[in-house]
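A short write-up of the structure that comes next.
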Amino acid sequence: MNDFKIIDDVMPDVPPPVVGAVAEARARVFRPHRPHRLRLRFPVWAGGVVAAAATVAVIGTAVAVPLLGDGAGDRTGDGATATATALVDSPGAEEVLDAVADRLARREEPERANWRVETELIERWPFAGDEFLVENRDREVHWAGPDGPAVVEVSRVGTEPLTAADRAAWEQAGSPRLCGSDSDCENDQVPYGRTRYIPADPGDYHLSSVRLSPQELRELPQDPVELKEEILSRWARALKDIENSDTPPGGDVPSDGDAVWWVGQRLLTEAPTTPQTRAAVLRMLSTLPDVRITDGVRDIEGRAGLALTRDTGGPYAERIVVDRATGDPLAVEGMPTVPVPQLKGLPTGSAAFSKLIRRMGWTDEAPALPEGCTPRTKKDCLR
Amino acid sequence: MITAPDEVSSITAPERFGVVFDTHYEEIRRYIGRRLDLDIAEDLAAETFLIAFRRRDRFDPARGSVRPWLYGIATNLVGRHRRAELRRYRALAKTGPPPDDDGHDQRVVDRVAAGVTVGRLSGALARLPRGERDAVLLAAYGGLTYDEIAEALGVAYGTVASRLSRARARLRDWLGVEL
């Protein structure tokens, strides 16, 4: 399209990046490169859901930017088994985990028509060049049916100054409208008051690099050691596929711990797994060598739970908080472990990023797509 | 635009997200860097990819390709710095392009002869309503089609058409040339 080409012609252009700048930017987005145990044709790594909240150190005066990777740095394959000793941060936490996993494993959970996971995604970020922090909340509902993932519904909850001090700074700035990533409430993929529907073609579940059919998901091992072996076996196959693909080279090979943590996290918080599998996931994750178990933590909303926390090597730790009575997931969160410059003012101990699980389970309800909204159409699936 | 299967798998499989970065980082950096100072632009370019990663479940290949989706995220991030963008245009309106903008003079000699200078254009861009400016600059800098702009901004095709039409009329009035 040549419309407005005059603007492209006349306005000053941007100098090309200086040597190394793109690699530096890449390292800021992904985790820094490190010596490899194995360096083949694996694309640069991007980690799990909450790994996205991890950050990297500030370079010069630049704003620190979260890492996608887990910054697992020098971690190597752990080779841990479910019989390894868990790291415990609070007295009795391991016993609490055992008890809750036992209860979960005994739960009967009859399958119904659809699987629904209602989540709230909470992100805290600086507004208008670090003047103050805001908290943005989006709602996502993930539906899956007998044939696999079905649709994701996304809607906005709202954006507010984070603290009283942030509110004062916001008012001092003239109380600009806060609309999530869109500062004047236009131009948004998900406008306020409406829901965007993203239908999926029926098929496999994509849990990080591991693909599982609905049947395979239901038949996952209920023993933590076997489950771990299954995940690593499937991971190795996926890695081989990537090595043999045309994917551009460069990047790191994730450790076994990375694979188990990321896939386990999604088995626990997203996919329609059986309670017995979820119990096995809890035990499997708790025995990873760099995972700590802490009882009595509170998620971003103050809900008490049992946390499995894994340091990322960056300024954030990832944690999964589960209900200590039922074992149901409450939240997946990114917790700063050191001061993060662009989040100055974030209260100590607060999460920078959180995915709250509001409700998860089988239902006879079904998603209702707007008329004409299908995986094949390009019709706008907004309602 | 139909999204290539490889591009979809790059979004859905997080291990392959590096491909999305490699393919699109420089153009996203350039787009933001033409609207904001470069130090801010480089941060926001990186943040564009972080947001895309976090929200990758929301990428809908049926609605378009990865490229307009990234431009949409970048545009919304620019929106958080609207005052800085307007300050930049006003500064350019007063001082013209930076002295090291070499390629520019030769490239646009005809345009300048026609009276469309960096200063006048910057002043005009600053006066455009944000929605129109976003649409215009996605077309000008990103080369996005109407469909892609609609996808990037999350608005209807007709809205894009009317924004661009209004913007074209305003710019013609302010600059005295047909765009």
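The values are calculated or read from the model by the stated rules, or taken from the named source; none is laboratory data. Keep in mind it's a predicted model, so treat the numbers as computed, not measured. In this analysis, Cβ positions are derived from the backbone assuming ideal geometry, glycine residues included, and neighbour counts consider all displayed protein chains.
Cβ contacts < 6 Å: first residue within 8 Å of A:A113 (Cβ to Cβ), restricted to the range A:353-368; second residue outside any loop (DSSP other than H, G, I, E, B), any location; separation 6+ or different chain. Result?
Pairs found: A:W362/A:W115; A:T363/A:N114; A:T363/A:R116; A:A366/A:N114.
Just the residues that are more than 8 Å from chain A (Cβ to nearest Cβ), part of a loop (DSSP other than H, G, I, E, B) and either over 17 Å from the mean Cα position of the chain (by Cα) or not hydrophobic (A, V, I, L, M, F, W, C) (or both), please, taken from the range B:121-179.
B:P129, B:G142, B:G176, B:E178 - these are the residues of the range B:121-179 that are more than 8 Å from chain A (Cβ to nearest Cβ), part of a loop (DSSP other than H, G, I, E, B) and either over 17 Å from the mean Cα position of the chain (by Cα) or not hydrophobic (A, V, I, L, M, F, W, C) (or both).
Output the residue which, of all residues in the range B:19-36 that are more than 9 Å from chain A (Cβ to nearest Cβ) and closer than 13 Å to B:I73 by Cα, is surrounded by the most Cβ atoms within 10 Å (Cβ to Cβ).
Checked the range B:19-36; the qualifying residue surrounded by the most Cβ atoms within 10 Å (Cβ to Cβ) is B:I28.
If A:R237 passes every condition in (1) modelled with pLDDT of 80 or more; (2) over 29 Å from A:V291 (Cα atoms); (3) of a type in the set (D, E, K, R) but one, which one does it miss?
Every condition holds for A:R237 apart from (2).
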